[in-house]
Each structure stands twice: as structure tokens, then as C-alpha cells.
1. Quick one: order Thr205, Thr171 by neighbouring beta-carbon count within 10 Å, fewest to most.
2. Please compute the modelled spin-label separation between Tyr175 and Ser153, points set 7 Å along Cα→Cβ, answer in nm with one decimal.
3. Based on the mean of other beta carbon atoms within 10 Å per residue, what is the order of 128-134, 197-203, most packed first?
4. What FRET efficiency would be calculated for the residue pair Asp138, Asn202, taking the C-beta separation as r and a Förster radius of 30 Å, to the nearest 0.05?
5. Going by how many other beta carbons lie within 10 Å of each one, how would you line up Arg64, Arg93, Arg170, fewest first?
6. Could you tell me the calculated FRET efficiency between Thr50 and Lys120, based on Cβ-Cβ distance and R0 = 35 angstrom, to the nearest 0.05?
7. Give me the base-10 log of I(q)/I(0) for the range 43-233 at each q in 0.08, 0.17 Å⁻¹, Debye formula, one uniform scatterer per Cα, rounded to two decimals.
8. Could you put Phe211, Phe150 in order, starting from the residue whose Cβ has the fewest other Cβ atoms within 10 Å?
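Please treat every number below as a calculation from the coordinates, not as lab data. Because the structure is a prediction, the values reported are computed rather than measured. When we count neighbours, we look across all protein chains shown, and the Cβ atoms used for this are built from the backbone with ideal geometry, even at glycine.
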Amino acid sequence: MTMKKINKYFLILIIVMLGELLFGEYFFEDRETVLAGNIEEEINLSPVKTVGKLSVEEAISKRRSIRGYKNGPLSLGEVSQLLWSAQGITANRRLRTVPSAGALYPLEIYLAAGKVKDLKSGIYRYNPERHSLIKVVDGDKRFDLFSCSFSQSSVKNAPISVVICAQYERTTGKYGERGKRYVHMEAGHVGQNIYLQAKSLNLATVVIGAFSDEDVKKILNAKEAPLYIIPIGRGK
């Protein structure tokens, strides 16, 4: 083998090792876990719309926290749009709808579905790369989330709740302790995106941060730390 080829293979090895060191959580572990879900438990979501009837300026102007919801269901198309706004892929098969320090994307999005047309009640994990839902837990868990969020009625009454969770190590592995701050910033970006998307769909929402972390993790069957519970429905 020539010295030129040896140098080439050595360079490739270094790149792979660095990728695993810096991005291993995303590319080698969690990504495979998400994609390895039983195909019978995967629900493909409808294509998203990138042009709406409401301008960004109008959505910002009209955005409010609303805790009361009508009893009707959401459509699977509305759920698709909301989840895409939270973590959807927008470019190069990787870049997403929110900024992320180092493009490491430490957040995982869970859906607690209670009343959604053409979707069974349960806990689902959003897969951004495939724009799909992976079933995690069967059954309507809205009351369980309500109980561990200090009985906030919006969690029980909304047809769905989106739960934002964080795997801090994806970011702190590169940025150290300061990475936790970056993760929290990113969660804020996601929350605002959901607010604006909800308003564009003529839906209502509120962000909730008061809950028992460990109880929420058990309900979701999640290993990540929960940061937000976001109930969404049709406002009264």
C-alpha cells in the first residue's frame, strides 16, 4: 500500500472517530433507536405546508396563552404541521425548523394523543428524519399527565399535548456545562414555533413547566429530561 493511500485511510479513520465522539449520541445511538421502531407501530405523517393564510407578523401579534379548549378532536394533518414546526427537517436532510447549537439537536418531541382523527390514543415519539410517529405507549395518557402536572386542567382537556424533552449530553459533550443553557434556549425556540404554528392553524395552546419530571418520564417511557408540556386544542 502506498503512503498516499495510507494517509487517506488514516484521515477517514480520524473523521469517523471525531464524528462518533462529537455526534455519537445523535448519529449512532438515538437515530438508530428511532429508525428501528416496529414498522407496524410507525405512522407516516402528511406532507407539511410551508405557505399559510396567516403572516408571521399576524401570528406574532395574535399569539396568546389559552388554557380552555373545546371537546372536539384535531386532524392528523394539524398534528403533522405542529410537530414539523417543532423539529421538522427543512434543508440538507438534517437542518431543522429551530436553531440548535452546533446543529446537535438535543431535543426529542413526544406526542400525547387523546383525540386525533385517524390516530389511536397513545404516546408517540416524533421522528424528524422520516416525518413520522413511532408508537411508544398505548392508551390515552392525558389524565396521567394532568395528575403529574399539579392538576392543570388544560393538560386533561386538550385533545393532544406535545412534550419537549432533552438529552443534554448531545450538547454538553461538545460545549460542557454551558451546553445546558443552549439546550434551554432551543426548547424556547421550539415553544414559540408551536405557538405561532398553532395560531396559524387557528388553534390554542399554552406552555407548562410545572410538573413532576420523573412521573412525566415514566408516562412517556422516556429516558430524556422533560422540559415543557404543551397542550393544544381548539380554543373556547
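1. With the fewest neighbours first, Thr205, Thr171 line up as Thr171, Thr205.
2. Placing both labels 7 Å along Cα→Cβ, they lie 3.9 nm apart.
3. 197-203, 128-134
4. Calculated value: 0.50.
5. Fewest-to-most Cβ neighbours within 10 Å comes out as Arg93, Arg64, Arg170.
6. After rounding, the FRET efficiency stands at 0.80.
7. Treating every Cα as an identical point scatterer, log10 I(q)/I(0) equals -0.23, -1.13.
8. Arranged by neighbour count, lowest to highest, Phe211, Phe150 become Phe150, Phe211.
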